[in-house]
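Student: For reference, the structure I am asking about is given below.
The values are calculated or read from the model by the stated rules, or taken from the named source; none is laboratory data. The structure presented is a predicted model; accordingly, all values stated were derived computationally and were not measured. Note that we place each Cβ from the backbone using ideal geometry, even for glycine, and neighbour counts take in every protein chain shown. Surface accessibility is based on the protein's heavy atoms, side chains included, excluding ligands, DNA and RNA. Shrake-Rupley method; radii C 1.70, N 1.55, O 1.52, S 1.80 Å.
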Amino acid sequence: NVQVITDPFGRLLRASPALPGAVHDIKAARTHGIIDALTETGVECWADKGYRGAGGTIRMPYRGRWETLSAGQQTANRSHAKIRTLVEQAMATLKTWRLLRKLRCSTTRITNLAQAVLTLHLTCSN
């Protein structure tokens, strides 16, 4: 589980140290202090439903079946999905590195590999 932060344009900014895959997203974000840092600085973040209950400046889509959501909630979820598309594109960019697709090694090694890939990606994209 590696937490990735992008800017509003979908550019990769940061990759957190790796945690075992069984660690839930919200726990990983709390472990690395991401939620507290975003809240303290007032930076809004659009996250997926895995961060439900994070609080602070983390924004999530409304929960529930599409048919049961009000028209306003459906509109908000559509808008949220459009913003999240940029993040998903950044994640897809990371996953184009075959090295990161199916890692079966220690989290220390995964952290080093993810940060090296992020560095290479940022160097090549500038």
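Student: Heads up, I need the accessible area for V43: 1.4 angstrom probe, whole protein in place, Å², nearest 10.
Tutor: It works out to around 70 Å².
Student: Okay, next question. Got a sec? What order do L13, L38 fall in by accessible area at 1.4 Å, biggest, i.e. largest, first?
Tutor: L13, L38
Student: Return the carbon/sulfur percentage of the accessible area of the chain, one whole number, probe 1.4 Å, all protein chains in place.
Tutor: 56
Student: Quick one: give the max-minus-min coordinate of the C-alpha atoms of region 12-73 along each principal axis, largest first, in Å.
Tutor: 39, 29, 22
Student: Which value at 222 nm does the chain reach when only helices count, each DSSP H run of 4 or more adding -39,500 (n - 2.57), with the total divided by all residues and rounded to the nearest 500 deg cm²/dmol?
Tutor: -15500 deg cm²/dmol
Student: Using heavy-atom solvent-accessible surface (probe 1.4 Å) with all chains present, what is the largest-first order of R104, R14?
Tutor: In descending accessible area the options line up as R104, R14.
Student: Compute, for W46, the solvent-accessible surface of its heavy atoms (probe 1.4 Å) with the complete set of protein chains present, and express it in square angstrom to the nearest 10.
Tutor: Surface accessible to solvent at W46 totals approximately 90 Å².
Student: Here's something else I'd like to know. Run a plain Debye calculation on region 28-126 (Cα atoms as equal point scatterers, no solvent) and give log10 I(q)/I(0) at q = 0.12, 0.22, 0.23, 0.24 Å⁻¹, rounded to two decimals, same order as the q list.
Tutor: Scattering profile of region 28-126, log10 relative to I(0): -0.56, -1.21, -1.23, -1.25.
Student: Using +1 on the beta carbon of Lys and Arg, -1 on that of Asp and Glu, and nothing else charged, what's the dipole of the chain about the Cα centre, debye to 20?
Tutor: Here the size comes out at about 500 debye.
Student: Same structure, new question: For A81 and R59 in the same chain, what is the full-extension length gain: residue separation times 0.36 nm, less their Cα-Cα distance, in nm?
Tutor: Going from the current span to full extension adds 6.8 nm.
Student: Between A116 and L100, what length in nm is gained on full extension when 0.36 nm per residue of separation is reduced by their alpha carbon distance?
Tutor: Full extension from A116 to L100 adds 4.7 nm.
Student: Probe of 1.4 angstrom, ligands and nucleic acids ignored: what's the accessible area per residue over the chain, in square angstrom?
Tutor: That works out to 65 Å² per residue.
Student: Give the dimensionless ratio obtained when the Cα radius of gyration of region 63-121 is divided by 2.2 N^0.38 Å.
Tutor: 1.67
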